[in-house]
Amino acid sequence: MKKQYYRYQLTALFVLLISGVLRSFGQEGKVITSGAIWPDTDGQHINAHGGGILFHEGTYYWYGEKRGDKTSSGGVAVYSSTNLYDWKNEGIALSPSNDPESDITLGCIMERPKVIYNSKTDKYVMWFHLELKGQGYAAARAGVAVSEKPTGPFRFVSSFRPNGNMSRDMNLYVDDDGSAYHIYSSDENMDLRIVKLSDDFLSATTDDTFLFRRQREAPALFKYKNKYYLITSGCTGWAPNQASIHVADQIRGPYTLLGDPMRGPDAEKTFGGQSTYVLPVQGKKDAFIFMADIWRPKNLQDSRYIWLPVRLDAEVPYIEWMDEWELNWFK
Ligand code: GAL
């Protein structure tokens, strides 16, 4: 009886060991290389700029701007991955419309799309920065779209200025209590604001707070040890500039400026990039990836990505350049 039990335990251990070895074999040699071409599973450079990532039921979904030649905007692309290295092109999550009356008619600009899941409605909700066709960057609106599936197709819902405020660079954040927020550059990018979303996430409430006036863009928020950290860029169009990090005890602030969190060559220019998102890595405690775009405005589809771990071994979280790294950097 005892012998059989040990045999059983040994077999179980063996199976566990083999599956562990196989799993790590699959990831062997995989690295994250900032600034390089990042081929998807079809061998094409990932075209999902100004992006953000949703983790849902074991899969990561990367949403971003699908760009063509020069600065043309082709809607919102979505890619899926289970390991954060290999991304499968899932097509266009939100297409520009052929209807000339639509806010998202072909020729509009869709930037910085972010998607969150609403468990009450069981829907995927996308917010993005929308500029109307032929108006340059004057419209300064938030756009909202919704889908039954993470890969879309998303249906355009509406576009507006939250509580009348201009809304350009933006991000979404879902807090631990399930409340969702839109963080946005307002008043010609001079102000940063945060507005709480309605329960279905499809509209902005009047719970809309001014954060600070400092001409910041590209907001990316994360929460660590009950504090909210907000990384932003300066305002120099596609050209890189100096990032900063703010901290607050409450999501609506007050936010305190902590300085520039980047370290290494070209740190004072965010390594040539501009923030877009901070991704919490699933299954790891206190593991965050800083995501940024190295814009190539003459051919935006060739823009590159920066993915680097957020380091938490100092008083202020910081991001240090690495040419390449593996996810097992996180313990
Ligand atoms: C940047 C902004 C980008 C894009 C660009 C257009 O400042 O972060 O998302 O709007 O300007 O020039």
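Overview of results
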| read-out | value |
| --- | --- |
| Förster radius 45 Å - calculated FRET efficiency between T105 and V316 (Cβ-Cβ, nearest 0.05) | 0.50 |
| Distance between modelled label sites at D187 and N89, nm, 7 Å Cα→Cβ extension | 4.3 |
| Three-way shape label, the chain, alpha-carbon gyration tensor, a/c 1.5 | prolate |
| Segment 214-242-segment 269-303 distance, computed between alpha-carbon centres (Å) | 11 |
| Segment 86-159 shape via C-alpha gyration tensor axes, a/c threshold 1.5 | prolate |
| Tilt relative to the chain, helix 2-27 - C-alpha long axis, 0 to 90 degrees, to 10 | 40 |
| Solvent-accessible area of R263 with every protein chain in place, 1.4 Å probe, in Å² to the nearest 10 | 110 |
| Given charges at Cβ of Lys, Arg, Asp, Glu: segment 40-323 dipole, positive-most of Y137, Q215, L84 | Q215 |
| Heavy-atom accessible area per residue - the chain, 1.4 Å, Å² | 47 |
| With every protein chain in place, the chain: carbon and sulfur % of accessible area (1.4 Å) | 51 |
| Sites T33 and N98 - FRET efficiency at Förster radius 30 Å, r taken between beta-carbons, to 0.05 | 0.20 |
| Accessible-area order (highest first, 1.4 angstrom probe) of the listed residues E324, E28, E111 | E28, E324, E111 |
| Estimated FRET transfer efficiency when R0 is 30 angstrom, pair V174-E268 (beta carbons, to 0.05) | 0.40 |
| Positive-end extreme of charge dipole, the chain - chosen from F330, L192, F128 (charges on Cβ) | F330 |
| Percentage, to the nearest whole number, of Cα pairs in segment 216-324 over 16 Å apart | 56 |
| Check: the chain dipole with +1 on Lys, Arg Cβ and -1 on Asp, Glu Cβ, in debye | 780 |
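The values are calculated or read from the model by the stated rules, or taken from the named source; none is laboratory data. Remember, it's a predicted structure, so these values are computed and weren't measured experimentally. Glycine gets a Cβ as well: all are built from the backbone with ideal geometry, and neighbour counts include every protein chain shown. The accessibility values were calculated without ligands, DNA or RNA, using every heavy atom of the protein model including side chains. Shrake-Rupley method; radii C 1.70, N 1.55, O 1.52, S 1.80 Å.
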